[in-house]
Structure formats: C-alpha cells, structure tokens
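The values are calculated or read from the model by the stated rules, or taken from the named source; none is laboratory data. A quick note: this is a predicted structure, and the numbers were derived from the prediction, not measured. As a convention, Cβ positions derive from the backbone with ideal geometry for all residues, glycine included, and neighbour counts pool all protein chains shown.
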Amino acid sequence: MGAYSQGEVPLPPAHDVASGGDLRLCKHVHDNVHGNIYLDSLSLKFIDTEQFQRLRELKQLGFTHMVYPGAVHSRFEHSLGVYWLAGQSVEKLRSFQGMELGIDRFDIQAVKLAGLMHDVGHGPFSHLFEREFLPQVISGSDWSHEQMSVNMVDYIVNEHHIDVDPQMIRRVKEMILASSEYALPKSSSEKRFLYDIVANGRNGIDVDKFDYITRDCRAVGLGCNFEFQRLLETMRILDDEICYRAKDYLTIHKLFATRADLYRTVYTHSKVKAIELMVVDALVQANSYLEISSHIDNPSEYWKLDDTLIKTIETAPGPELKEARELILRIRRRNLYQFCNEYAVPKHMLHNFKKVTAQDIVCSQKSGGVTLKEEDVAVCNVKIDLTRGMHNPLESIHFFKDYDSDEKFTIPDDRISHLLPTSYQDMIVRVYSKKPELVEAISEAFENFQLKSYGVKTQVHSTPDKKKRRYNSCI
C-alpha cells in the first residue's frame with residue numbers, strides 16, 4: 001500500500017505495501033484460526049529474517065504440551081494472527097470513522113507491524129524465561145520481552161538493511177511498549193487510540209488477547225464462548241479512546257473470564273508448574289556453563305536462544321551439567337516434583353498477602369523422622385485475576401449507548417448482573433516435594449503453615465494418606 005499522511009503526501013516507494021488495497025498483491029498463508037492471512041510486502045521483509053523465523057522454535061505455551069498434547073503451536077503463528085487482527089481492527093475503524101479520525105495508510109502499516117513484532121523478543125519456554133529463570137540468576141532483574149522486542153526490531157532493520165521510515169519504526173516500538181511499565185513517550189499526542197490496539201494498557205482489551213485466547217482454547221480443547229468479532233464490528237472511538245456498546249459488556253466479561261479460566265486450568269496446571277519448576281532448576285544449574293543470561297542484552301546473540309536449549313543441555317559434554325541433565329531426564333520419564341497440595345488465600349487476606357517461600361514451609365515442620373531443607377521444597381505462588389488485580393476490569397472500560405450518542409460512560413458494579421463475580425482475584429499457593437520420599441513430611445509442614453497463618457487449613461482437601469505413603473514404602 002502507499003502510506004500517506006492526512007495531506008496525501010506520499011511516502012517513498014519503498015513503503016508501498018498493500019493495505020486496504022488489492023489483496024492479490026499480497027502473499028497469503030492459511031491460518032487454522034483466522035483463515036487466510038494476507039502479508040504485505042514490508043511485513044514480509046521482517047518475516048523473512050532468521051530472527052523472526054526463530055519464533056517457530058518457541059512454543060506459545062511453553063511446557064503445557066506435556067499435559068495438553070495439542071498445545072504445540074508457536075509464537076510464529078500467534079504473531080501472524082496478531083498482525084492480521086491488528087490490521088483488521090484499524091481498517092474497520094478507518095471504514096467506520098476514517099474521515100473524523102484521520103487514519104491514514106501510515107497508521108495502518110505501523111499498527112500491523114507492531115502486531116507482527118510484539119513477541120519477537122520472547123525468550124525460550126514462553127514466560128518462564130523472564131519470570132522464573134532470570135530473577136534467580138540476576139538479582140533485581142527488570143528485563144522484559146517487550147523491551148527486547150523493541151531492541152530486536154532495531155537490530156533486524158539494521159542487520160537486514162530494511163528500507164523503512166524511521167518515524168514508522170518509532171511508532172511501532174511505542175505501540176509494542178504501550179501496555180508495559182517501559183512505555184515510551186508518544187511521538188504524537190494525536191490518535192492515542194492506535195496505541196491500544198495491540199497492547200492496551202488502559203483497559204486490557206487488545207488483539208493480542210483476542211488471538212491467544214482463541215488459539216490456546218482451540219489447541220487444548222477448552223471451549224471458548226468469547227467472540228472477539230463482535231467487538232471488532234461494533235467498537236467506536238470517542239475522545240481518542242476505543243469504546244464499546246453498553247449491550248456488549250457481557251461479551252467483554254467473557255474475554256476476561258475465559259482468560260482467567262485458561263490460567264487456572266491450563267497455564268498454571270499443577271503438573272505444568274511442576275515441569276516448569278524443574279526446568280528452571282535445570283537452567284539455573286546450566287547457566288554458568290552455557291552463559292545463558294549473558295546474552296539477554298545483546299540481540300545479535302539473544303535471538304539464537306530458543307526451546308532447543310533443552311536439547312543443548314542434554315547433549316552438552318562434561319560433568320558440569322550432570323545435575324541439569326538428570327532433571328531433564330526425570331521430566332522425560334515423568335518423574336516430576338511431587339505436588340503436595342494447594343490452598344487459596346482467604347479473600348480477606350489478599351490485601352496483605354506475602355509470597356510463601358520454601359523457608360516458610362521448612363520452618364513449619366514439627367518434630368518428625370526427617371529434617372526438611374529448603375532445597376527439598378518448591379513453592380509456587382499463582383495469581384489469577386481478570387487483568388486488573390483486585391478490581392473489576394469493566395470499571396476501566398468506556399461504553400456508549402448507541403451510535404447516535406457521543407457520550408461515553410463506565411458501568412458501575414450495581415448495574416452489572418448479580419451473577420458475575422464480586423471478587424476479581426485469586427491467589428493460590430502450591431507446594432511441591434523435589435524428593436518423592438518427602439511428600440508426607442512436606443505435606444504435613446504445609447498444613448502446619450496454614451494453621452499457623454490462618455488458624456485453619458484453607459486447602460479444599462487434605463493430601464490423601466495413600467499419596468503420602470506411596471513413596472515411603474519404596475525406601
């Protein structure tokens with residue numbers, strides 16, 4: 001398409017890509033979620049680089065496929081999906097309100113590129129790399145995949161000599177960081193709504209969620225009754241903000257509820273977390289030998305890290321990686337850290353909740369046959385919410401009554417269905433035993449911790465005696 005400003009001043013021919021033009025000029029691929037996706041010529045220059053192709057080797061859901069065998073889709077197809085939905089969103093806005101909003105082809109291309117490149121900075125094994133591994137090897141680490149995505153965009157442009165307007169690249173990077181704490185100053189105070197399409201920091205509704213929720217539900221066989229198409233067709237810009245029809249508030253709630261359901265039943269499944277805890281331990285043990293963390297600020301080396309890191313650990317020679325290799329072998333043989341139990345933090349304790357540590361569990365052990373050590377215990381603190389912590393996400397969303405009205409408003413709790421939740425966050429604490437023979441001791445210490453902290457066992461059920469004895473009979 002030819003990218004034009006509002007004054008219809010053409011950009012250089014190098015930026016002539018098909019958007020809103022003849023789709024026959026685009027390359028197309030068939031996606032199992034969105035059908036045909038049409039790729040414009042500028043986006044193809046980014047896609048056809050080894051840095052972007054690397055996303056094929058990053059599973060979207062990390063190790064979830066060890067529990068849900070169908071969850072083997074990659075960041076590559078997700079990125080294409082977000083690219084497509086970002087383009088669809090801005091094209092619909094231009095179709096509905098283009099004259100009053102001043103949306104031009106430059107805007108459309110920038111939004112599409114932001115959708116395409118938003119995850120190019122992800123590390124191996126999905127979010128495990130930055131949330132679990134890096135904090136253990138780099139004290140006070142504030143590294144983020146969003147910031148690396150921005151760095152990678154610059155690296156790809158320079159390394160492959162992609163002829164693209166620097167102002168467009170600046171806009172793309174701003175859009176990638178829009179919802180993060182590293183958000184850049186906007187290059188223009190106009191068209192603020194464009195920055196909410198890919199990564200929405202204002203209310204959490206964005207095409208990134210539209211794609212991964214739909215794609216992940218399909219992959220794991222979880223029913224998805226959320227239809228993002230309805231929101232794309234009816235959204236409207238009021239006061240430089242994307243707003244939605246008031247009658248669609250239940251559709252929006254389904255978006256957040258489906259996401260929370262995925263977190264509870266898929267992303268943080270107890271066995272998935274057991275595998276992740278073991279992988280993190282293996283990565284930490286291998287880090288000094290493979291120097292994994294030394295590459296996180298260098299895009300030229302970082303892009304070479306992907307999920308094949310596990311195979312590297314398995315095949316690396318020398319005794320330095322013996323313990324890491326044994327952990328990987330245990331995973332393959334399904335000899336996982338043993339899930340002892342979990343509890344949901346009482347609602348009235350959420351405000352002052354402090355993360356539970358292995359030390360907390362060990363210190364709660366009463367006299368027994370074995371003495372627990374911190375390295376015997378793994379604790380996982382899982383927060384599940386509707387994107388706004390303890391607050392109702394609908395409070396930060398603006399609605400409109402109908403297309404004849406220019407008034408936007410929020411919907412207070414007392415006007416929402418009483419069947420919807422009154423609490424918007426769960427905090428679940430799970431405890432694992434790294435050694436099978438310690439399941440009973442750790443389970444009892446965990447129960448003691450609950451009694452000491454809350455005066456009651458808050459878990460739904462006690463660890464079955466059969467499970468406690470299962471491994472003790474073998475020692």
* Asked: Taking interchain pairs and intrachain pairs at least six residues apart, which have beta carbon atoms under 9 angstrom, with the first residue in the stretch 218-235 and without any contact (Cβ under 8 Å) to a residue 60 or more places away in the chain and closer than 13 Å to S89 by Cβ and the second surrounded by 16 or more Cβ atoms within 10 Å (Cβ to Cβ) and of a type in the set (A, V, I, L, M)?
  -> L231/I205; L231/I252; L231/L255
* Structure fact -> Picking from S79, S74, S141, the residue that is over 27 Å from T265 (Cβ atoms) and under 23 Å from the mean Cα position of the chain (by Cα) would be S141
* Please tell me if L420 is aliphatic (A, V, I, L, M), touching a Pro at 6+ places or on another chain (Cβ under 9 Å) and surrounded by 14 or more Cβ atoms within 10 Å (Cβ to Cβ). => no
* Inspect all residues belonging to the stretch 440-451 and state whether any of them is surrounded by fewer than 14 Cβ atoms within 10 Å (Cβ to Cβ) and not assigned by TED's automatic domain parsing to the domain that holds I252. => yes
* To do: Residue by residue through the stretch 360-392, note down the ones that are in contact with a Pro (Cβ under 8 Å, 6 or more places away or on another chain) and either at pLDDT 95 or above or of a type outside the set (S, T, N, Q) (or both).
  => L386
* Under 6 Å between Cβ atoms, at least 6 apart or on separate chains: pull out the pairs that start in the stretch 372-388 with a residue that is within 11 Å of Y432 (Cα to Cα) and end on any residue that is charged (D, E, K, R) and part of a strand (DSSP E or B). => C380/R430
* Condition met for D414 (in a loop (DSSP other than H, G, I, E, B), farther than 21 Å from R259 by Cα and either modelled with pLDDT under 95 or of a type in the set (A, V, I, L, M) (or both)) -> no
* To do: Looking for whichever is outside the structural domain of G81 (by TED's automatic domain parsing) and of a type in the set (A, V, I, L, M, F, W, C) here; the options are I197, I296. Which one fits?
  => I296
* Kindly indicate whether any position in the stretch 186-193 is crowded, with 21+ Cβ neighbours inside 10 Å, closer than 30 Å to F409 by Cβ and touching a residue at least 24 places away in the same chain (Cβ under 8 Å). => yes
* To do: Please specify each residue of the stretch 22-43 satisfying the condition of being in a helix (DSSP H, G or I) and surrounded by fewer than 15 Cβ atoms within 10 Å (Cβ to Cβ).
  => L23, R24, L25
* Asked: Given the structure, is L232 in a helix (DSSP H, G or I) and either under 30 Å from T357 (Cα atoms) or out of contact with any helix residue (DSSP H, G or I) (no Cβ under 9 Å at 6 or more places or on another chain) (or both)?
  -> no
* Taking helices (runs of 4 or more DSSP H) that fall entirely within the stretch 50-151, which contain at least 1 residues that are without any contact (Cβ under 8 Å) to a residue 24 or more places away in the chain and surrounded by fewer than 24 Cβ atoms within 10 Å (Cβ to Cβ)? -> 50-53, 75-101, 134-137
* Total residues in the stretch 214-235, condition out of contact with any Ser or Thr (no Cβ under 8 Å at 6 or more places or on another chain), within 16 Å of Y267 (Cβ to Cβ) and surrounded by fewer than 17 Cβ atoms within 10 Å (Cβ to Cβ) -> 2
* Residue satisfying all of: in the stretch 328-384; under 29 Å from the mean Cα position of the chain (by Cα) and small (G, A, S); surrounded by the most Cβ atoms within 10 Å (Cβ to Cβ) among these -> A378
* Structure fact -> Per the list (1) out of contact with any His (no Cβ under 7 Å at 6 or more places or on another chain); (2) assigned to a helix (DSSP H, G or I); (3) surrounded by fewer than 20 Cβ atoms within 10 Å (Cβ to Cβ), residue check on E301 breaks on (1)
* Asked: Looking at (1) over 20 Å from the mean Cα position of the chain (by Cα); (2) assigned to a loop (DSSP other than H, G, I, E, B); (3) crowded, with 20+ Cβ neighbours inside 10 Å, can you tell me which one M278 breaks?
  -> (2)
